Amino acid sequence: MKRAQSRGTFAGLFTVVVLALWASNGEGVAQSSNTALRVSGSSSRPVTIPVTVRIKGRATPSEVDLQNVELAVSEDGDAQSLLSIRTRSNAPLNLMVLIQDDVVSSVGLEIKRLSEFIRTLPRGTRILVGYLRSGSLQVRQKFTAELERAAKSLRSPIGFASAAPYNPYVEVIEALRRFDAQPAGRRAILLVSDGLDLSHGLFSSSAGQSTDLQRAIAEAQRRSVAIYSFFVPTVTSSTDGNLISHGQSSLNRLSDETGGRAFFQGLGAPTSFNPFIKELSLTLEKQVAVTYLSTHPRSGFHRIKIIPTPDADLNYPAGYSRK
């Protein structure tokens, strides 16, 4: 009996060590793998989620500060084993910049600011630039580590109703699939959109009624992608207060449930992206990739709770969906 227990303990410890090494190398985490690991008759898999860590009293915490934050992770109410906390130096950011092509023309004045934002991202960041428009997602620049090349691929949105996508979330889902070919680690989307799904009329425009919004949230959670959104009205929604309210609520839900953040400036188009970009840059500096060992192999939604040290505030996805 003691020998069997000893072997089981050794196997369990071996599994945790192997998975920790696996996670620290950025390979095999759940955001890019659907295959469970089976050891000694039990199934488990590493799960990686984006977490933004705000340490009280430190506006820009160092990487050492971020790595030293103590975290207790639970999934569906059960404690899980923390494997790693990776910061920007050992988990470079994969970022998509997605712009809805029928937003108001004033966004064209912000393209220069978005380009500068891309140019100032840390070395090793990989960028994709795309536009949500009628038909399907238009990718102007595939994932690249050449930040200057990505910055130059930005263009002003068309700004006509004829360029409107079926709804923004269908093409966000299409874009999310492109993360599957990228290394595991920190993943994010910057979405410039009015957030409105009018594919089924006004009924689908609210945050609680859009099926495609829910699908986009689930796909982002499954791939561990934090979505940051800049609200900008489109040429058709710019004067309708109810539509604007629905769009902002939808973007807020999308960002909140994926571990990102939504940025608004009243009910109209922002006078400048500068405050948004400044806050986003600081937020991305505080983002880490947290990997833990999940003991729940079943499909469906799994709720996550992370308890930090008393002097830290966290922003992370509500959970993730497993197929």
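Readers should treat all values here as calculations from the given coordinates under stated rules, not as data from a laboratory. From a predicted model like this one, the values you see are computed outputs, not experimental measurements. Don't worry about glycine lacking a Cβ; one is built from the backbone with ideal geometry, like all the others, and counts go over all protein chains shown.
Some observations on this one:
- The stretch between Arg119 and Asp78 holds 10.5 nm of extra length on full extension. This uses 0.36 nm per residue minus the Cα-Cα distance.
- If you plug the beta carbon distance of Arg215 and Lys152 into 1/(1 + (r/R0)^6) with R0 = 25 Å, you get a FRET efficiency near 0.15.
- Exposure proxy for His200, His296: other Cβ atoms within 10 Å of each Cβ, ordered fewest to most, give His200, His296.
- Straight-distance crosslink candidates among lysines, where the alpha carbon sits under 21 Å from Lys305 and sequence neighbours closer than 8 are dropped: Lys56, Lys286, Lys323
- Additional length obtainable on full extension of the chain from Ala181 to Arg303, 0.36 nm per residue less Cα span: 41.3 nm
- Across all Cα pairs in the stretch 193-280, the calculated P(r) in 5 Å bins from zero up to the longest distance comes to 3, 16, 25, 24, 18, 11, 3, 0 percent per bin.
- Normalised by residue count, the stretch 93-285 yields a Cα convex hull volume of 98 Å³ per residue.
- The stretch 246-323: C-alpha gyration tensor shape, a/c 1.5 cut-off, then a/b vs b/c: oblate
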